[in-house]
Amino acid sequence: MTQKIAVLGAGKIGEALLSGMIRAGWSPSDLLVTARRPERAGELHARHGVTAVTNAEAAKTADTLILAVKPQDMAVLLEELAPHVPADRLVISAAAGIPTTFLEERLPEGTPVVRVMPNTPVLVDEGMSVISAGTHAEEAHLVRTEEIFKPVGKTLRVPESQQDAATALSGSGPAYFYYLVEAMTDAGILLGLPRDKAHDLIVQAAVGASVMLRDSGEHPVKLREAVTSPAGTTISAIRELEKHGVRAALIAALEAARDRSRELASGGKS
């Protein structure tokens, strides 16, 4: 792995990628990083041994540029990069809601761009990174992108037209589970359990259920039915969830997230 990779805007997600690449075999000497604050760049160098550079230096020397800045900062970053980016550089955008055309219009003609939507579990190597090719990105560019993101979780290729839906399900998805755990913990307190015990019970139930979903190969309906005995406690709870429209509320919530992603992609305010 001798190609140089630069992470521009190394916040939590960017640092997680750096750490994952190093564990996967990249040499810190082949990894560059840029940060808005000098002290942050110093932290990353001290922690991971990577080299801190300017955005212009990264564009000139790295074979792959990973743009991990906030969506509202992307236009300014591209303006700074454009004069220094050769057309054969792979540019990977990890900014939510920014389409590949936004980058392609601001970079040299023919620049290969790949769009990636990671989610926050990349911080614990259990992320999902959804990958879409831009106009000039070829198979080799997608493979290189997968090599970068696989150390911090799974990757999935989708057409860019499906990125807004993927953002709603995967990018925002962890927040929905945290919300459910919060609500279920409050319910445990209402039922008479101390908060810490309610939290531990719910978190382990969530971890166990997730592993079974991932590893069993069974449909979630079948797994749920295995817990749901006739006239038992589980079916009583499921009845209340259906009565209160939880399924419909989840569908409406994900549609709202998808629509907001579309607004961001079209230039709506964040």
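Restricting attention to region 31-56, the residues that are open to solvent by 30 Å² or more (accessible area, probe 1.4 Å) and either of a type in the set (Ser, Thr, Tyr) or at pLDDT 95 or above (or both) total 2.
Screening the candidates 172, 129, 161 for the property of being within 15 Å of residue 261 (Cβ to Cβ) and either touching a residue at least 24 places away in the same chain (Cβ under 8 Å) or surrounded by 20 or more Cβ atoms within 10 Å (Cβ to Cβ) (or both) yields one hit, 172.
Of 156, 201, all but one fail to be modelled with pLDDT of 95 or more and assigned to a helix (DSSP H, G or I); the exception is 201.
Taking residue 15, is it in a helix (DSSP H, G or I) and surrounded by fewer than 21 Cβ atoms within 10 Å (Cβ to Cβ)? The answer is no for residue 15. Mind checking whether some residue in region 194-217 is open to solvent by less than 70 Å² (accessible area, probe 1.4 Å), more than 25 Å from residue 250 (Cβ to Cβ) and not aromatic (Phe, Trp, Tyr)? Yes, some residue in region 194-217 is open to solvent by less than 70 Å² (accessible area, probe 1.4 Å), more than 25 Å from residue 250 (Cβ to Cβ) and not aromatic (Phe, Trp, Tyr).
Condition (residue is of a type outside the set (Gly, Ala, Ser), within 18 Å of the chain's Cα centre (by Cα) and within 28 Å of residue 252 (Cα to Cα)) applied to region 134-145: is it met by at least one residue? Steps first, answer last, please.
Of region 134-145, the ones of a type outside the set (Gly, Ala, Ser) are 135-136, 138-139, 141-145.
Okay, now just the ones that are also within 18 Å of the chain's Cα centre (by Cα), so 142-145.
Those left that are additionally within 28 Å of residue 252 (Cα to Cα): none.
No, region 134-145 contains no residue that is of a type outside the set (Gly, Ala, Ser), within 18 Å of the chain's Cα centre (by Cα) and within 28 Å of residue 252 (Cα to Cα).
Going by what's in this entry, would residue 113 be described as open to solvent by less than 50 Å² (accessible area, probe 1.4 Å), closer than 24 Å to residue 258 by Cβ and not hydroxyl-bearing (Ser, Thr, Tyr)?
Details: open to solvent by less than 50 Å² (accessible area, probe 1.4 Å): yes; closer than 24 Å to residue 258 by Cβ: yes; not hydroxyl-bearing (Ser, Thr, Tyr): yes.
Judged against the criteria, residue 113 is a match.
Exactly one residue out of 137, 168 is closer than 19 Å to residue 63 by Cβ and small (Gly, Ala, Ser): that is 137. From the list 65, 103, the one residue that fits, being open to solvent by less than 10 Å² (accessible area, probe 1.4 Å) and either over 22 Å from residue 160 (Cβ atoms) or in a helix (DSSP H, G or I) (or both), is 103.
Scanning for something of a type in the set (A, V, I, L, M) and in contact with a helix residue (DSSP H, G or I) (Cβ under 6 Å, 6 or more places away or on another chain), does region 230-247 turn up at least one residue? Even if it seems obvious, please write down each step before you answer.
Just the residues of region 230-247 that are of a type in the set (A, V, I, L, M), to begin with: 231, 235, 237-238, 241, 246.
Next cut, in contact with a helix residue (DSSP H, G or I) (Cβ under 6 Å, 6 or more places away or on another chain) only: none.
No, the conditions are met nowhere in region 230-247.
From the list 122, 143, which one is within 18 Å of residue 9 (Cβ to Cβ), in a helix (DSSP H, G or I) and of a type in the set (Val, Ile, Thr)? Please lay out each step first, then the result.
Values: 143 fails: within 18 Å of residue 9 (Cβ to Cβ).
Only one candidate passes the filter, namely 122.
Look at region 92-110: where a residue is touching a residue at least 40 places away in the same chain (Cβ under 8 Å) and a partner is surrounded by 21 or more Cβ atoms within 10 Å (Cβ to Cβ) and among the polar types (S, T, N, Q), sitting 6+ places away or on another chain with Cβ atoms under 6 Å, you get 92/145; 97/261. Within region 68-90, at least one residue is surrounded by fewer than 22 Cβ atoms within 10 Å (Cβ to Cβ), touching a Gly at 6+ places or on another chain (Cβ under 8 Å), among the aliphatic types (A, V, I, L, M) and assigned to a loop (DSSP other than H, G, I, E, B). Mind listing whichever residues of region 224-244 are open to solvent by 90 Å² or more (accessible area, probe 1.4 Å) and either part of a loop (DSSP other than H, G, I, E, B) or hydroxyl-bearing (Ser, Thr, Tyr) (or both)? Selection gives 230, 231, 233, 244.
Could you please let me know if residue 147 is open to solvent by 60 Å² or more (accessible area, probe 1.4 Å) and either within 21 Å of residue 87 (Cα to Cα) or of a type in the set (Asp, Glu) (or both)? When the stated conditions are applied, residue 147 passes them. For region 245-270, taking the residues that are outside any helix (DSSP H, G or I) and without any contact (Cβ under 8 Å) to a residue 40 or more places away in the chain, the one that is surrounded by the fewest Cβ atoms within 10 Å (Cβ to Cβ) is identified as 269.
The values are calculated or read from the model by the stated rules, or taken from the named source; none is laboratory data. These numbers were taken from a predicted model, which means no experiment stands behind them. Heads up, the Cβs are rebuilt from the backbone with ideal geometry, glycines too, and the neighbour counts pull from every protein chain shown. These accessible areas exclude ligands, DNA and RNA; they are computed on the full protein's heavy atoms, side chains included. Shrake-Rupley method; radii C 1.70, N 1.55, O 1.52, S 1.80 Å.
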